[in-house]
Amino acid sequence: LWDNEFKKISDTRIKGSLGIPLWKLNLSAAYGLLGNGIYFDEEGIVRQSDRVANVLSLELDKEFVLWRFHLDHRLLFQMSSDKTVANVPAFSANLRYYIQLPIGKGAMDMQIGANAWYNTPWYAPGWNPVLGVFHNQNEREYGNFPFVDAFVNMRWQRAIIFLKVENVLMGVPSRSFFGADHYLLTTRAFKIGIFWPFYTQPGKSGGHSHDHQQGAAQMKHRL
């Protein structure tokens, strides 16, 4: 491994994005060229490609708000010309659906919903615990099944309390609960926690309104 004399890697990327806050919409596109890319092959041996890998990605973020229902969508489309160096699933999605309820005349906010991840089948990399690196494998495909967490978030002033059940679909016959070849993702588990930032906002007027907006944003992105 250490006796190899590799050429310099060239990495060129172009990215553009468009955000429309009124529509709660974000679009982004990226195109990359990776020359002399280094990777670990199926036997865990480090290699260098003599080809240029082209990677194109398109991402769409869209939130729908229907009364108290929030439907958040993040969709990612990817194409790679060389899956040996840059192996990615063709399509991935993160969907977060929840209902947000005020409790006690606005004294507390609550979110009840689910967070789901999905990707099309792909040859997820294997893991070499000796070297501590991921390597290519082309024997088993993973994906094509959602991984779902159910959650309840509660915000009271600055404090955020969350309850979460991870992998609620565990038990459904599928190999899709693997994050890497032969390595399982989190099994079904119940978690409870509290997030409480101990700080103030100096020089801010209307602190209660500011805290409310900041707390809502923290609830949205906490899990």
The stretch 75-114, residues that are at pLDDT below 95, open to solvent by 60 Å² or more (accessible area, probe 1.4 Å) and assigned to a strand (DSSP E or B): P102, I103
Failed condition for K62, given (1) open to solvent by 60 Å² or more (accessible area, probe 1.4 Å); (2) among the basic types (K, R); (3) over 26 Å from Y183 (Cβ atoms); (4) within 18 Å of the chain's Cα centre (by Cα): (1)
Scope the stretch 1-24; condition in contact with a Gly (Cβ under 7 Å, 6 or more places away or on another chain) and either hydrophobic (A, V, I, L, M, F, W, C) or closer than 25 Å to E139 by Cβ (or both); matching residues: I9
Condition met for R68 (at pLDDT below 95, closer than 26 Å to A116 by Cβ and among the charged types (D, E, K, R)): yes
Options G207, G215; residue that is open to solvent by less than 40 Å² (accessible area, probe 1.4 Å), modelled with pLDDT under 80 and touching a Lys or Arg at 6+ places or on another chain (Cβ under 7 Å): G215
Any chance V55 is of a type outside the set (K, R), at pLDDT below 95 and open to solvent by less than 100 Å² (accessible area, probe 1.4 Å): no
Cross-chain or 6+ apart pairs with Cβ under 6 Å, the stretch 179-199 first and over 24 Å from R158 (Cα atoms), then part of a loop (DSSP other than H, G, I, E, B) and acidic (D, E): none
Subset of the stretch 8-49 (residues that are touching an Asp or Glu at 6+ places or on another chain (Cβ under 9 Å), in a loop (DSSP other than H, G, I, E, B) and either basic (K, R) or open to solvent by 100 Å² or more (accessible area, probe 1.4 Å) (or both)): K24
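Go through the stretch 152-179 residue by residue and tally those that are touching a strand residue (DSSP E or B) at 6+ places or on another chain (Cβ under 8 Å) and either closer than 30 Å to P197 by Cα or modelled with pLDDT of 85 or more (or both).
As a first pass, look at the stretch 152-179 and keep what is touching a strand residue (DSSP E or B) at 6+ places or on another chain (Cβ under 8 Å): 152-156, 159-169, 175-178.
Now narrow it down to the ones that are either closer than 30 Å to P197 by Cα or modelled with pLDDT of 85 or more (or both): 152-156, 159-169.
Number satisfying all stated conditions: 16.
The values are calculated or read from the model by the stated rules, or taken from the named source; none is laboratory data. This is a predicted model, so every value here is computed, not measured. A quick note on method: Cβ atoms are made from the backbone with ideal geometry, for glycine too, and the neighbour counts reach across all protein chains shown. Heads up: the accessible areas ignore ligands, DNA and RNA and are worked out on the full protein's heavy atoms, side chains in. Shrake-Rupley method; radii C 1.70, N 1.55, O 1.52, S 1.80 Å.
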